[in-house]
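Encoded as structure tokens, the structure appears first; notes follow it.
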Amino acid sequence: MHHRERRRDVKDEIDPADLREGLTHAQLKTLAEMEHFSWELRWVRRPMFAEPVPMVFDRGRKRFVVIRPDGTIDEEPDLALRK
């Protein structure tokens, strides 16, 4: 019995403008500065009744940071990521 592959490349489906929606001016400014140094906004967690949490990865995707609503960078966020 063969199973059809249902997984898709998520990057192809996500519109970068949609990821930025709801981010504060300070977050967008920090993100623009980080993108200048090859960091990439990969996804945004949107917890209910809370500010969006943008997750930004370095060029090699070995390290990630969170941009707080005030535009500061949290280099050691308390988030668990799947491997």
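When only the Cβ of Lys, Arg, Asp and Glu is charged (+1, +1, -1, -1), the dipole of segment 14-56 relative to its Cα centre reaches about 140 debye. Which residue, H25, A50, I14, has the largest displacement toward the positive end of the dipole of segment 14-56 when charges sit on each Cβ (Lys, Arg +1; Asp, Glu -1)? It is A50, whose Cα lies furthest towards the positive end. The label point for A32 and the one for A50, both projected 7 Å from the Cα toward the Cβ, are 2.8 nm apart. Ranking of M48, M55 by neighbouring Cβ atoms within 10 Å, starting from the fewest: M48, M55. Taking amide H atoms as placed 1.01 Å from N in the peptide plane, the amide H of W43 lies under 5 Å from those of M55, each 5 or more residues away in sequence or on another chain.
Taken together, the values in this text are just the output of simple stated rules run on the coordinates, not laboratory data. Everything quoted here is computed from the prediction, not taken from an experiment. Counting neighbours? That spans all protein chains shown, and the Cβs are built from the backbone with ideal geometry, glycine included.
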